[in-house]
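Nothing in this text is a laboratory measurement; each read-out follows from the coordinates by a stated rule. All figures in this text were calculated on a predicted structure; none of them were measured in a lab. In this analysis, Cβ positions are derived from the backbone assuming ideal geometry, glycine residues included, and neighbour counts consider all displayed protein chains.
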Amino acid sequence: MLLGKSHMEPRFDSTLKVHTGQRCVTCPCLHITSWHPRTTGRFTSSEDLLSAANQRCRGNQRMVHGSTLPAPTHTSVLLPLPRPHGAGYAVTVGDKIYVVGGVSSSVDGSTAKPIPLATPGGQTVTGFVDEYNPRTDTWRQRESMPTPRNHYLAAAVGGKIYALNGRIGLVFVNMASITDLIEMYDPEQDIWSLVGRAPTNRGDVNGAAYNGRIYVTGGEYETAKIKESFWAFELYDPSAQTWATLPHVQITRHGFAAGFIGETLHVVGGRFQSDGMPGVYSPTATHETYTVAS
């Protein structure tokens, strides 16, 4: 059963923002200096945008997408992770941070040595869960995720953590399998449960939670016959255990950043072609946004 109409017709901002690499003349910030609104077909010049950006950067402040952040005054050395979590995921629930899953090196029995590229050995995919308390700077080991995975999406809704999709078995896309399993973790009970399957089977996926729902997009997949990246954009409602299909992103991508600011999901960077082909690299600096209907 799909979600009701009110959730099926959100507003979609089709603006593609592209970093041009030009810098502010008054500080070393990188700015978004041009964009192309596909719905209007008009361009805004880099010169106009740089002029406006320079007026907003003063002293030691840095501009980040129209906002100013003070320069950091100090750093603190905190207690490191008790176990490696390469290509895992970190989620905040309440006042704790949970680092879940990922991969660690097992080269020569050590977690400190790099995993050899394009080889099936020297690695261990884990379901480890480590809980961090920032008030006491302490870590606590919790119940492991039943399906060890890496390059997946985790998000918190209603005090629970949901793990969706991802690579299993190995870390490299040309050797790993992928999963559509959705598993839920209850931090209060320290218990995992299997709650369903995602409609699209993919790894290296990303997204974020907003207003009790999880938005999922991107990813990559490989078999002996195909090698592909995804632009499917889907909405998961954990309370109803239902999925809805939303307007796909304009650029297929994996290995990208995603997060909500207010009611707008930002999808930034990544690669638009599945990895693992000799001499082929496809990084993108594109920046897309999707605004949830109010």
Ranked by Cβ crowding within 10 angstrom, fewest neighbours first, how are Val107, Val280 ordered?
Val280, Val107
In nm, to one decimal, how far is the modelled label at Phe260 from the one at Lys227, with both set 7 Å along Cα→Cβ?
3.7
Which ³J(HN,Hα) values, rounded to whole Hz and listed in residue order, are derived for the range 259-267 from phi using the Karplus coefficients 6.51, -1.76 and 1.60 in 6.51 cos²θ - 1.76 cosθ + 1.60 with θ = phi - 60°, glycine and proline given as x?
x, 8, 10, x, 9, 10, 8, 9, 10
Whole-Hz couplings from phi, Karplus 6.51/-1.76/1.60, listed for the range 278-294; x for Gly and Pro:
x, x, 10, 10, 9, x, 9, 9, 5, 9, 10, 10, 9, 9, 6, 5, 8
A correct Karplus calculation of ³J(HN,Hα) over the range 168-177, with 6.51 cos²θ - 1.76 cosθ + 1.60, θ = phi - 60°, whole Hz and x for Gly and Pro, returns 10, x, 9, 9, 7, 4, 7, 10, 7, 9
So how do His151, His74 line up by other beta-carbon neighbours within 10 Å, fewest first?
His74, His151
Using a 10 Å cut-off around each Cβ, can you sort Thr138, Thr179, Thr289 from fewest to most neighbouring Cβ atoms?
Thr138, Thr289, Thr179
q = 0.12, 0.14, 0.17, 0.21 Å⁻¹: log10 I(q)/I(0) that the Debye formula gives for the range 119-226, counting C-alpha atoms only
-0.44, -0.60, -0.85, -1.17
